[in-house]
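J.: One structure is given below, represented as structure tokens, and several questions about it will come after.
The values are calculated or read from the model by the stated rules, or taken from the named source; none is laboratory data. Quantities reported herein were computed from a predicted structural model and do not represent experimental measurements. Reconstructed Cβ throughout: ideal geometry from the backbone, glycine too, with neighbour counts over all protein chains shown. To get the accessible areas, we keep the full protein, side chains included, count just its heavy atoms, and leave off ligands, DNA and RNA. Shrake-Rupley method; radii C 1.70, N 1.55, O 1.52, S 1.80 Å.
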Amino acid sequence: PGQTTHITLVGSELKDATALWTTLPTGSVKSQWVNSDETGVTFAVEISSDARPGLYGLRVATPSGLSNVHLFAIDDLPIVVERETAAAKAGTAKTGPSNNSLDRAQAVAIPAVLVGTSPASDIDYYAIEVTAGQRVSFEVVGNRLGKAFDPLVKIFDSNGRSVIERDNDVGLFFDSRFEHTFKEGGRHYVRLTDTRYHGSRHWTYMLRMGRFPAARVAIPSTVQAGERTVLNFPELGTGRKDFDVPADLQGDRFFFGLRRDGDEGSAWFPLSVSRLTNAMESEPNNLQMAATPATVPCNLHGL
């Protein structure tokens, strides 16, 4: 948010591309054509400072029609590009440095969001420095970008010993979002790969590292425009957030970004907008005679 980023879209019949369409609200994005050929087009994309972090869609406009939809993200963590991906873009992939082994791990200062690609059988290593007792949140956004990516994260200490392994986290399809407290300080290594060692040069991912909430779902997931809402986050225990839903929301869905005091980035939660009131489950309600009362029409929310 608040910055201009050059993005290149790769495909076919893009030489005469003229504009970029996105699902962001009107006024939140400005795009300027930079250059193009048959297989790619580059735009300078300016995102407004108040744009909500989260996932959005884009399409390229050409004289012969619109492209298929591609998913992209807005993030409030500093962006770092995987050096293999940068080398491939520059055409020096065969001679450039790789990060496919522990001794070639790409050093990264956290907080950061690593932007990379996962070709077939690819293994990516990143080296981070932590202190004893430091809590760091990790998140992989790959499957949610519309790819058949099933990411697996493993973290090793400076001696190459496994510290933690994480696969799927409920609520995020095949992606993950979790928090880890490091017992020992020093250099650690984060390893990212597809669980089946599948891949494609078109499989892009985001590896987010830093201090942000490790919650994955918000309850309720439906809000009323212009009303004050209390959101609960089960993974945070007693974590909750009061916020005023904007009355001028465009569309029937939006991302809510949770960022606490001291956080370095946000966790995003998709919410839908409804005119109906919310009815919240009240435990215990496992029996008919203990049913939670609700007046229809309404939205029912529970765990």
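J.: In this structure, is G27 of a type in the set (G, A, S) and assigned to a strand (DSSP E or B)?
T.: no
J.: If you don't mind, there's one more thing I want to ask. Restricting to region 171-193, name every residue that is in a strand (DSSP E or B) and in contact with a Ser or Thr (Cβ under 6 Å, 6 or more places away or on another chain).
T.: Across region 171-193, the qualifying residues are E179, G186, R187.
J.: Within region 46-93, how many residues turn out to be under 18 Å from the mean Cα position of the chain (by Cα), under 18 Å from V108 (Cβ atoms) and open to solvent by 50 Å² or more (accessible area, probe 1.4 Å)?
T.: Residues meeting the conditions: 3.
J.: Please enumerate the residues belonging to region 180-190 that are buried (at least 16 other Cβ atoms within 10 Å of the Cβ) and not β-branched (V, I, T).
T.: Hits for region 180-190 are H180, F182, H188, Y189.
J.: Among V217, V230, V296, V273, which is more than 29 Å from S176 (Cα to Cα) and among the aliphatic types (A, V, I, L, M)?
T.: V296
J.: So, of the residues in region 191-200 that are among the polar types (S, T, N, Q) and modelled with pLDDT of 95 or more, which turns out to be most open to solvent (accessible area, probe 1.4 Å)?
T.: Ranking the candidates gives T195 first.
J.: Among the residues of region 126-145, write down those that are under 24 Å from F173 (Cβ atoms) and not small (G, A, S).
T.: Hits for region 126-145 are Y126, V136, F138, E139, V140, V141, N143, R144, L145.
J.: A follow-up question, please. State which residue pairs qualify: first residue without any contact (Cβ under 8 Å) to a residue 24 or more places away in the chain and inside region 144-158, second residue hydrophobic (A, V, I, L, M, F, W, C) and surrounded by 20 or more Cβ atoms within 10 Å (Cβ to Cβ) in any location, beta carbons under 9 Å apart, and separation of 6 or more residues or different chains.
T.: Final answer for the pair search is none.
J.: Further, regarding this structure: Please enumerate the residues belonging to region 148-191 that are touching a Lys or Arg at 6+ places or on another chain (Cβ under 8 Å), farther than 16 Å from V136 by Cα and among the aliphatic types (A, V, I, L, M).
T.: L152, V170, L172
J.: May I pose another question? If you go through region 124-135 one residue at a time, how many are open to solvent by less than 30 Å² (accessible area, probe 1.4 Å) and touching an Asp or Glu at 6+ places or on another chain (Cβ under 7 Å)?
T.: So the answer is 1.
J.: Any residue in region 277-296 that is assigned to a strand (DSSP E or B) and open to solvent by 50 Å² or more (accessible area, probe 1.4 Å)?
T.: Yes; the residues of region 277-296 include at least one that is assigned to a strand (DSSP E or B) and open to solvent by 50 Å² or more (accessible area, probe 1.4 Å).
J.: Given the residues E46, E13, which is the only one that is closer than 22 Å to T204 by Cα, assigned to a loop (DSSP other than H, G, I, E, B) and acidic (D, E)?
T.: Matching residue, one of E46, E13: E13.
J.: I'm trying to understand the selection: among the residues of region 24-45, which are hydroxyl-bearing (S, T, Y), farther than 15 Å from K89 by Cα and buried (at least 17 other Cβ atoms within 10 Å of the Cβ)?
T.: S28, S31 - these are the residues of region 24-45 that are hydroxyl-bearing (S, T, Y), farther than 15 Å from K89 by Cα and buried (at least 17 other Cβ atoms within 10 Å of the Cβ).
Condition check ((1) in contact with a strand residue (DSSP E or B) (Cβ under 6 Å, 6 or more places away or on another chain); (2) closer than 19 Å to G171 by Cα) across all residues:
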position	(1), (2)
A225	yes, no
D242	yes, no
P246	no, no
L258	yes, yes
A279	yes, no
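J.: Which condition from (1) under 18 Å from F178 (Cα atoms); (2) buried (at least 17 other Cβ atoms within 10 Å of the Cβ); (3) touching an Asp or Glu at 6+ places or on another chain (Cβ under 9 Å) is the one that V115 breaks?
T.: Result: V115 fails condition (1) only.
J.: How many residues are open to solvent by less than 40 Å² (accessible area, probe 1.4 Å) and of a type outside the set (V, I, T) if we restrict to region 215-234?
T.: Of the residues in region 215-234, 5 are open to solvent by less than 40 Å² (accessible area, probe 1.4 Å) and of a type outside the set (V, I, T).
J.: Further question on the same structure: Might you let me know whether region 235-254 holds any residue that is open to solvent by less than 40 Å² (accessible area, probe 1.4 Å), in contact with a Pro (Cβ under 9 Å, 6 or more places away or on another chain) and not aliphatic (A, V, I, L, M)?
T.: Looking through region 235-254, at least one residue is open to solvent by less than 40 Å² (accessible area, probe 1.4 Å), in contact with a Pro (Cβ under 9 Å, 6 or more places away or on another chain) and not aliphatic (A, V, I, L, M).
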